1. Is the C-alpha gyration tensor of region 16-71 telling us rounded, prolate or oblate? Criteria: a/c under 1.5 is rounded; beyond that, a/b larger than b/c is prolate, otherwise oblate.
2. I'd like the chymotrypsin sites (Phe, Trp or Tyr not before Pro) in region 1-110 restricted to DSSP loop residues with at most 12 other Cβ atoms within 10 Å, sorted by number.
3. Which value, to two decimals, describes the C-alpha radius of gyration of region 66-151 once divided by 2.2 N^0.38 Å?
4. Using DSSP to define loop residues, name the trypsin sites (Lys or Arg not before Pro) in region 96-150 whose beta-carbon has at most 12 other beta-carbon atoms within 10 Å.
5. Express the Stokes-Einstein translational diffusion coefficient of the chain in µm² s⁻¹, to the nearest whole number, given a Kirkwood radius over alpha-carbon pairs, 4 °C and a viscosity of 1.567 mPa s.
6. For L81, which sequence-distant residues (separation of 5 or more, or a different chain) have an amide H within less than 5 Å of its own amide H, given hydrogens modelled in the peptide plane?
7. Under the 0.36 nm per residue contour assumption, what length would be gained going from the current alpha-carbon distance of K16 and E73 to full extension?
8. In debye, nearest 20: dipole of the chain around its Cα centre with unit charges on the Cβ of K, R (+) and D, E (-)?
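Nothing in this text is a laboratory measurement; each read-out follows from the coordinates by a stated rule. Here the structure is a predicted model, which is why all the values come from computation and not from measurement. In this analysis, Cβ positions are derived from the backbone assuming ideal geometry, glycine residues included, and neighbour counts consider all displayed protein chains.
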Amino acid sequence: MAHSSIECALRVGRTKAPLVIRVHPRARQAAPHDEVADGLQAKFSIPYLTAFTLLRGAPDVGSFATVDAAAGEHASVRLRLVEDAGLGESEARLERPGGEPLATVEYALGSPRRPLDAEGLQAKVRALGGPAALPDGPAADLLAELGRCST
């Protein structure tokens, strides 16, 4: 449920400006952490993930080995999270503190409404699979099959 916020941050681009993140209350249930102590909590923190993306770009698997102190500070000082039941459950919006919208994502890329294409699926398997996704690894057949798929 945090992917839409990450995608909003990617659309806005790198900035340290104060922003408001609007999400549906269901997203907050799925990603309830504001301040994070470790990489696992960071994966379930909309403010942290948004701040990380605004400062560093999209997080990857390695981004959760430790907590990025600058992202944590940015999340707590410059970002304000607002629950908005008027949004769709997977929707997120980034706006200026005065309410000017900067980016809205109704359905994150990779969700059922916006599925990844075959190339995107292969890239995700490689990124998440590590050694298993090498050409001679256990995921080789899966990667080959994904290469034959089309969405």
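1. On the way: a/c = 1.85, a/b = 1.18, b/c = 1.57.
It is oblate, given that a/c is not under 1.5 and a/b is not larger than b/c.
2. Sites meeting the loop and neighbour criteria: none at all.
3. Values: Rg = 18.4 Å, N = 86, 2.2 N^0.38 = 12.0 Å.
Region 66-151 yields a ratio of 1.54.
4. Values: sites: R113, K124, R126, R148; in loops: R113.
Listed in order of number, the matching sites are R113.
5. On the way: Rh = 16.2 Å.
In µm²/s, the coefficient rounds to 80.
6. For L81, whose amide H was placed from the backbone, the distant partners under 5 Å are I21.
7. On the way: separation 57, 0.36 × 57 = 20.52 nm, distance 1.08 nm.
Contour length minus the Cα-Cα distance gives 19.4 nm.
8. Details: 17 positive and 19 negative charges, 71 e Å.
Using Cβ point charges on Lys, Arg, Asp and Glu, the chain gives about 340 debye.
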